[in-house]
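Notes for the one structure printed next.
The values are calculated or read from the model by the stated rules, or taken from the named source; none is laboratory data. Owing to the predicted nature of the structure, the values given are computational and were not obtained by experimental measurement. When we count neighbours, we look across all protein chains shown, and the Cβ atoms used for this are built from the backbone with ideal geometry, even at glycine. Accessible surface is based on the protein model in full, side chains and every heavy atom, while ligands, DNA and RNA are left aside. Shrake-Rupley method; radii C 1.70, N 1.55, O 1.52, S 1.80 Å.
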Amino acid sequence: MKRFLALFLTIAMCLIILPSIGANSAESAGRRSLTKAERLAKNERIMAFNAELNAMIDTYGLAADMKKADDAFETGRIIVKSSKKLDYSGSIAHVSDGSGKSIIQYASSYEAEAAAKQYASFSYVEYAIPDSIITLEDCVIEDADYTEALPNTGAYISWGYGESYVNMNDYNTWIYAHAGSDPANLPQIIVAVIDTGIDSDHELLAGRIVAGGYDFVNDDADPEDDHGHGTHCSGTIIDGTLPNVMVMGIKVLNSDGQGYGSWVVNGMEWAMNNADVCNMSLGGKCEDDEMHSAYNSVIEEAYAQNIPFCVAAGNNGDDADNYCPSNCTNAITVAGSNRQNTLIVFSNYGNMVDITAPGQNIKSARIGGGKISMSGTSMACPHVSAVAAMLKSYDPDMSVEELTNLIKGNATSVSYTNGGAGILCVTDIYLALGESPIVTEPPVVTEPPIETEPPVVTDPPIDNMGDVNGDGVVDIQDAMLLARYAGQLIGEDALDLTAADMNSDGSINLIDVMLIMRHALSI
């Protein structure tokens, strides 16, 4: 990926630089209402609170092995948000974050449940819910050597980004040209992956992981993945985006894919404070209507700050309204589809679902290196996060409502119901932004050409020079495909090498990429 980014930047230096669009950096984007100093102070508060929480769990916590019993109060802890100081009588320990949120430990699940009901009856208490155990959805690990040909993708790892599905190349090619063929003209967009962490050494993620993430399981600034789920989700996001999009690891689940709701809420607050888009491919069953309140509180605050939370609908074959955070009103809830554009049999569904995205046999990064295919709404959700990040690349200040409406308004219609607006698709989505396709005008010739002797041709010319994807035209897509080949991201079977050798020197390199790009732009 580093080689791929270097190729893009080198090509851009050889081309005419057009005016930038959007903001020049993440810091100038308007979605954050806090100053840098205020954000750093909030980070410090969240870290200190989580450290106190983990110390309390280590000393007094119940269900330390996370058995995930049917009792939502099995940990003996509750999370309470109050506008007034609380009376902690009857508890054995508590910690508070200084902003009205407390996590209170009791000696038994029975006492915790009774206290939650009492607190919830007070008018000044926003919510009082169990600090329940959260798990990853039961993703299906497919054959790691899954090699079915990808339809119409050209170079994407996930079949879901292909032309017959999301068609990510349509929008990315447009915004790449719109930014002057230089990703540096696009604002940096950070996608927080609230999950099991990220494999920082994975080759597919090289140069695309931003500092500033956090590990809420182990209380440190090294959110390294020891499970694999977060790495797979991160790979899908990177696969579908340009180099201006970065991922940030926020580890809230352990090596078994389990964690406490309190870790998840802390991670959500961290993401809201430090990122532009949030991906949550996790969840759990809500025992009552109020159990999602802590998640919903953060998502509502993020909504006001123009920060979207994309969440997986769940893999229970049930109504997503029964699970959280998929039932949070202003989250973008994602169901899963297959290659036949039908709902995956185990995907959750219902009125809470906003969009359906590819989620079966999705190939992405495997922890420790290489790739692996997995299935689940966890795999569908990052496709939507990638689209959200690229829409934010056009307008960092885009509201969650505007972004959601764009995604839903451009969805492909489906025959089934309860899957939201349809299948995720970005074909011609720039038209919905009020933009037009990038059309390069031919150069104006004011003087007649100078007549010269024709060059000596020893071999007949190749009619399709530069058309490396074989679609009949030489355009930016050919240059992008050849750049990925030169960066060793794809093999020679993905393109026509004969058409790629623009200068006929017998090798494929950066010069050929540059010549195709200049030809496509009529430079």
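Odds and ends about this structure:
- Checked against the criterion of being open to solvent by 10 Å² or more (accessible area, probe 1.4 Å) and among the small types (Gly, Ala, Ser), the candidates GLY261, GLY336, GLY284 yield just one match: GLY284.
- Taken over the stretch 99-140, the criterion of being out of contact with any strand residue (DSSP E or B) (no Cβ under 8 Å at 6 or more places or on another chain) and either assigned to a strand (DSSP E or B) or hydroxyl-bearing (Ser, Thr, Tyr) (or both) is satisfied by SER99, SER108, SER109, TYR110, SER121, SER123.
- Count of residues meeting criterion [assigned to a strand (DSSP E or B), more than 24 Å from ASP131 (Cβ to Cβ) and of a type outside the set (Ser, Thr, Tyr)] in the stretch 311-352: 6
- Residue satisfying condition, being more than 22 Å from TYR430 (Cα to Cα) and either open to solvent by 10 Å² or more (accessible area, probe 1.4 Å) or touching a Ser or Thr at 6+ places or on another chain (Cβ under 6 Å) (or both), within set ASN410, ASN361, ASN348, ASN405: ASN361
- Within the stretch 233-286, tally of residues that are more than 22 Å from ALA388 (Cα to Cα), in a strand (DSSP E or B) and touching a helix residue (DSSP H, G or I) at 6+ places or on another chain (Cβ under 9 Å): 4
- Test: residue in the stretch 216-227 that is in contact with a strand residue (DSSP E or B) (Cβ under 9 Å, 6 or more places away or on another chain) and small (Gly, Ala, Ser): yes
- Residue match in the stretch 357-364 (condition: part of a loop (DSSP other than H, G, I, E, B) and touching a Lys or Arg at 6+ places or on another chain (Cβ under 9 Å)): yes
- Restricting the first member to the stretch 194-208 and to residues that are over 18 Å from SER262 (Cβ atoms), and the second to residues that are among the β-branched types (Val, Ile, Thr) and in a loop (DSSP other than H, G, I, E, B), the beta-carbon pairs closer than 9 Å and six or more apart or on different chains are ASP199/ILE367; HIS202/ILE367; LEU204/ILE157; ARG208/THR241.
- Taken as a whole, the condition of being at pLDDT 95 or above, within 28 Å of GLU301 (Cα to Cα) and not in a helix (DSSP H, G or I) does not apply to VAL384.
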